[in-house]
Amino acid sequence: MTEESPRARPAPALLARIFANAGRLLGGQVASGIASFLAVAIVARSLGTAGYGALLLVHSCAMSFSTATRLQSWQPLLNFGPALLEREDHGALHSLLRHCLVLDFGGAALGLVLAIPGVALLGAHLGWPPADQPLALLYMTAILFMNTSGAMGVLRLTDRFGQVMMGDVASAWCKVLGSAIGFLLHWSFGAYLAVWYVAVVAGCMTDHVLAWRALRQAGAMRGFALTGAPWLLRGPDLWRPVLATSADKWLFGLESRVTLLLLGGILGPAPTAVFSVTRDVCDALGQPAQFLAPALYPELIRLRDSRDWAAIRQMTRRILLILAGFCALAIAVAALAGPPVIGLVLGDERKLPFTLLLLLAGTSLMDLWDAPLEPLLLSLGRASALFRGRLAATLVGLPSFYVAARLWGLTGAGSASLMAETLVLLSRLIPARTALSSRP
């Protein structure tokens, strides 16, 4: 291997900025995560594990339809928006913003159109009690408020990383306050479902208000209009990465939620709740590293535009080394702190199979290594590799999950999840290495 030039060494200020932005995202995630666990603990004690499992299944069903029709509108914003802001080309920026609005709200409307007949036909087979079917159908309208991808892109574009997670924080604390009131007043399942609905709307409104304020403060909203101007942009350079990134996210989100629905149909609501809470705890261990991806992407775009391939290679290696040390620490924390935390949420630590905890912790740590690889492939124009790898892992993983869960219960489900995530990691590591080695 040739010696890296001095230019290849990322300036300390660059790495510091990446980790500072990741830290801001993490701070918001910690706040929303704490609130979410409080809300889950309250609901689990009020409705019981089976009642919370039914609530989880209804919400996961709505999220599945939302994810299936969601386009990642942040991608063109971050690819083209910085140059438009820098040269104050507000007309082109406004066209880009309108384009993103169509992607966000058009996809949400399509999700609702698909969800209503889907739930009407299949609701009896998705794990929640038949008596809750009318409420589940009504809850599907929350899909209209579940996609804030464009707002997230605006906040990242305008360097408002400290505000990116505020919608999640608002949503989580709505759940806490509503659940606490419901616990004191002995609310029914339908009332708690209404609380979750209001929380979704609160998160959506918070994100869009913050995005509008960020653009206004940047002076980019002068002359913006919703009518009398083109709403969609054209060109393969815009659509190809958007579709590839969106397809990858579709499969990831669908796999995450479909596994819960499959588990609900196979084992019932209570084991599904155990699996979901355990997975959430394990995912929380990896959140500090996961936030490197959105913080890293804008910096990789700048290095790509300046064709500083050596600096990209050096930065990627450094981040992977940091992640290796983090993974070792996370496994130890999962083994020691996981059982009491999950027991606190579910009300009984004995409900947790320790083997499931270790398997899902390994799954989350495999996913950690995507933190630098996903933005790296996107910035190098290899977005299609993300989709191909995810598609292969999903086609293998979902049938394996179904069979393993039927044969070995929660332990089988955890093993299948780990196998699928390992396939995803390999599908990204190999093309990322190839792409970097082809650069001078």
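Among the residues of the range 355-375, those that are more than 17 Å from A284 (Cα to Cα) and either at pLDDT below 85 or open to solvent by 10 Å² or more (accessible area, probe 1.4 Å) (or both) comprise T355, P372, E374, P375.
Looking at the range 294-342 only, could you name the residues that are more than 25 Å from the chain's Cα centre (by Cα), more than 30 Å from V154 (Cβ to Cβ) and of a type outside the set (S, T, N, Q)? Listed by number, the residues that qualify are A310, R313, L336, P340.
Scanning the range 258-268 for residues that are surrounded by 23 or more Cβ atoms within 10 Å (Cβ to Cβ) and not hydrophobic (A, V, I, L, M, F, W, C), we see that the one that is nearest to A54 (Cα to Cα) is G264.
Among residues of the range 356-368 that are over 16 Å from F326 (Cβ atoms), those with a beta-carbon under 6 Å from a residue that is aliphatic (A, V, I, L, M) at least six positions away or on a different chain give the pairs L356/L410; L359/L418.
Could you check the range 102-215 for helices (runs of 4 or more DSSP H) lying wholly inside it with 3 or more residues that are more than 28 Å from A22 (Cα to Cα)? The qualifying helices (runs of 4 or more DSSP H) are 133-139, 166-185.
Once the range 176-210 is narrowed to residues that are among the aromatic types (F, W, Y) and open to solvent by less than 40 Å² (accessible area, probe 1.4 Å), the residue that is nearest to M63 (Cα to Cα) is W196. With respect to (1) surrounded by fewer than 21 Cβ atoms within 10 Å (Cβ to Cβ); (2) part of a helix (DSSP H, G or I); (3) modelled with pLDDT under 90, the lone exception for P440 is condition (2). Which ones in the range 59-100 are part of a loop (DSSP other than H, G, I, E, B), closer than 14 Å to K249 by Cβ and not hydrophobic (A, V, I, L, M, F, W, C)? Within the range 59-100, T69, R70, Q72, S73 meet the criteria.
Per the listing A115, A92, the residue uniquely crowded, with 22+ Cβ neighbours inside 10 Å and of a type in the set (A, V, I, L, M, F, W, C) is A115. Taking the criterion of being more than 28 Å from P294 (Cβ to Cβ), assigned to a helix (DSSP H, G or I), over 23 Å from the mean Cα position of the chain (by Cα) and among the aliphatic types (A, V, I, L, M), would at least one residue in the range 349-371 satisfy it? No; the residues of the range 349-371 include none that is more than 28 Å from P294 (Cβ to Cβ), assigned to a helix (DSSP H, G or I), over 23 Å from the mean Cα position of the chain (by Cα) and among the aliphatic types (A, V, I, L, M). Every test in (1) part of a helix (DSSP H, G or I); (2) open to solvent by 20 Å² or more (accessible area, probe 1.4 Å) is passed by A310 save one, and that test is (2). Considering L38, L101, which residue is open to solvent by 10 Å² or more (accessible area, probe 1.4 Å) and either touching a Cys at 6+ places or on another chain (Cβ under 9 Å) or over 30 Å from I342 (Cβ atoms) (or both)? When all the criteria are applied, what remains is L101. Consider the range 135-158 and keep the residues that are in contact with an Asp or Glu (Cβ under 9 Å, 6 or more places away or on another chain) and hydroxyl-bearing (S, T, Y). The one that is surrounded by the most Cβ atoms within 10 Å (Cβ to Cβ) is T148.
The values are calculated or read from the model by the stated rules, or taken from the named source; none is laboratory data. Because the structure is predicted, anything quoted here is derived from the model rather than measured. Please note: Cβ atoms are built from the backbone with ideal geometry, for glycine as well, and neighbour counts cover all protein chains shown. The protein model used for the area step is the full one, side chains on, heavy atoms only, and it has no ligands, DNA or RNA in it. Shrake-Rupley method; radii C 1.70, N 1.55, O 1.52, S 1.80 Å.
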